[in-house]
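> One structure is given below, represented as structure tokens, and several questions about it will come after.
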Amino acid sequence: MIDPPLDLDAVRAFVHIAELQSFTRAAEAMGTSQAAVSLKLKRLEERLACRLFERSPRFVHLSARGSAFLDQARALLEAHDRAIASLYEQRRRLIVGISDHVAGPELPALIARMNAQDPQLVIEIRIGSSVDLLQQFDRRELDAVLVRLRSDRDDGTLIAEERFGWFAAPSWQHRPDEPLPIATMAEPCGVRALACHLLDGADVRWRETFVGGGVNAVAAAVMAGLGVAALSPRMVPFGAMDVGRRLGLPDLPRQPIMLHSRARDALSHGALNALGS
């Protein structure tokens with residue numbers, strides 16, 4: 001015959017009595033009567049076939065068997081509470097958009113730093129253009145975005161400033177009698193718009209030779225010798241050369257990198273702060 005399982009309410013009453021050294025205070029802690037607590041303890045002692053407390057009119061002391069049982073009783077209640085909580089506990093999720101011009105070789109390190117801040121946090125990263133990501137952020141589809149500064153926004157926090165240059169493959173040569181071949185990102189792209197505006201302002205003749213759906217595609221086109229692209233030095237493959245000064249191209253200004261966030265809890269803040277570390 002299998003012995004009946006322990007009554008968890010009775011075990012909880014036992015732990016309260018042991019910790020508070022009083023049936024009255026144990027009853028108050030459990031929101032019940034002293035008589036109910038006494039009955040629970042009596043049934044637990046009958047189930048275990050031993051006395052758990054030595055009682056006197058003024059004092060309540062654990063018996064030797066009660067002292068031996070106390071740690072196990074606590075462990076039993078903790079395991080029960082964890083099992084119940086696991087049914088209702090949802091892992092927090094942080095959805096972060098990162099501009100294609102910001103995400104680069106450091107992305108694995110960024111994700112690792114975020115995870116180190118809170119290993120229980122589910123991190124979802126979406127890569128896209130600053131314009132698209134900010135629109136998703138405004139639609140509350142993203143919790144935070146790391147993007148280039150836009151002149152029409154004042155709700156972000158400055159994280160860093162990115163340097164840009166005009167990069168080409170080492171073997172690429174420009175023919176002065178031809179328009180400058182340009183590899184760019186697809187619209188809408190702020191870096192593309194800035195580069196084209198600066199070239200037009202400097203009266204530099206140019207033509208589009210490649211349009212990529214991401215920075216990696218543009219960098220690949222550069223290394224394939226298709227032309228020049230406005231890129232951050234950290235985004236170009238090894239060996240690419242900044243040809244801006246040699247070709248007399250206009251200087252590209254530094255681009256501020258901004259963090260826009262609606263995260264409120266401290267753990268999410270800590271994970272996002274790791275992006276600027």
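The values are calculated or read from the model by the stated rules, or taken from the named source; none is laboratory data. None of these values were measured; they are calculated from a predicted model. With ideal geometry, Cβ positions are generated from the backbone for all residues, glycine too; neighbour counts draw on all protein chains shown. Protein only, heavy atoms only, side chains kept; ligands, DNA and RNA dropped before computing areas. Shrake-Rupley method; radii C 1.70, N 1.55, O 1.52, S 1.80 Å.
> Of the residues 47, 65, which single one is out of contact with any Cys (no Cβ under 9 Å at 6 or more places or on another chain), open to solvent by 30 Å² or more (accessible area, probe 1.4 Å) and not small (Gly, Ala, Ser)? Talk me through it step by step, then tell me what you get.
Values: 65 fails: out of contact with any Cys (no Cβ under 9 Å at 6 or more places or on another chain).
Unique residue meeting the criteria: 47.
> Can you work out which of the residues in the range 253-277 that are in contact with a strand residue (DSSP E or B) (Cβ under 9 Å, 6 or more places away or on another chain), under 18 Å from residue 163 (Cβ atoms) and surrounded by fewer than 20 Cβ atoms within 10 Å (Cβ to Cβ) is modelled with the lowest pLDDT?
If we take residues in the range 253-277 being in contact with a strand residue (DSSP E or B) (Cβ under 9 Å, 6 or more places away or on another chain), under 18 Å from residue 163 (Cβ atoms) and surrounded by fewer than 20 Cβ atoms within 10 Å (Cβ to Cβ), then 276 is modelled with the lowest pLDDT.
> Of the numbered conditions (1) more than 19 Å from the chain's Cα centre (by Cα); (2) open to solvent by 10 Å² or more (accessible area, probe 1.4 Å), residue 169 fails exactly one; give the number of that condition.
Condition (2) is where residue 169 drops out.
> Here's another thing I want to ask about it. Whether any residue in the range 199-217 is touching a strand residue (DSSP E or B) at 6+ places or on another chain (Cβ under 9 Å), open to solvent by less than 40 Å² (accessible area, probe 1.4 Å) and within 18 Å of residue 250 (Cα to Cα) is what I want to check.
Within the range 199-217, one or more residues are touching a strand residue (DSSP E or B) at 6+ places or on another chain (Cβ under 9 Å), open to solvent by less than 40 Å² (accessible area, probe 1.4 Å) and within 18 Å of residue 250 (Cα to Cα).
> While we're looking at this one, here's another question. From (1) open to solvent by 20 Å² or more (accessible area, probe 1.4 Å); (2) in contact (Cβ under 8 Å) with a residue 12 or more places away in the chain, pick out the condition that doesn't hold for residue 77.
(1)
> I'd like to verify a number: residues in the range 108-143 that are touching a residue at least 40 places away in the same chain (Cβ under 8 Å), among the aliphatic types (A, V, I, L, M) and open to solvent by less than 50 Å² (accessible area, probe 1.4 Å), how many?
7
> Let me ask something else about it. Can you confirm whether residue 229 is out of contact with any Cys (no Cβ under 9 Å at 6 or more places or on another chain), part of a helix (DSSP H, G or I), closer than 30 Å to residue 144 by Cα and of a type outside the set (Ser, Thr, Tyr)? Spell out the reasoning first.
Values: out of contact with any Cys (no Cβ under 9 Å at 6 or more places or on another chain): yes; part of a helix (DSSP H, G or I): no; closer than 30 Å to residue 144 by Cα: yes; of a type outside the set (Ser, Thr, Tyr): yes.
So residue 229 does not fit the description; no.
> Let me ask you something else. Give all pairs with beta carbons closer than 8 Å in which a residue from the range 214-225 that is on the phi < 0 side of the Ramachandran plot meets a residue that is assigned to a helix (DSSP H, G or I) and open to solvent by 10 Å² or more (accessible area, probe 1.4 Å); count only pairs at least 6 apart in sequence or on separate chains.
Sorted first by the residue in the range 214-225, then by its partner, the pairs are 215/235; 219/235.
> Give me a count of the residues in the range 237-261 that are under 26 Å from residue 144 (Cα atoms) and touching a Phe, Trp or Tyr at 6+ places or on another chain (Cβ under 8 Å). Steps first, please.
The initial filter retains those residues of the range 237-261 that are under 26 Å from residue 144 (Cα atoms), namely 253-261.
Checking the rest, the ones that are also touching a Phe, Trp or Tyr at 6+ places or on another chain (Cβ under 8 Å) come to 253-255, 260.
Residues in the range 237-261 being under 26 Å from residue 144 (Cα atoms) and touching a Phe, Trp or Tyr at 6+ places or on another chain (Cβ under 8 Å): 4 in total.
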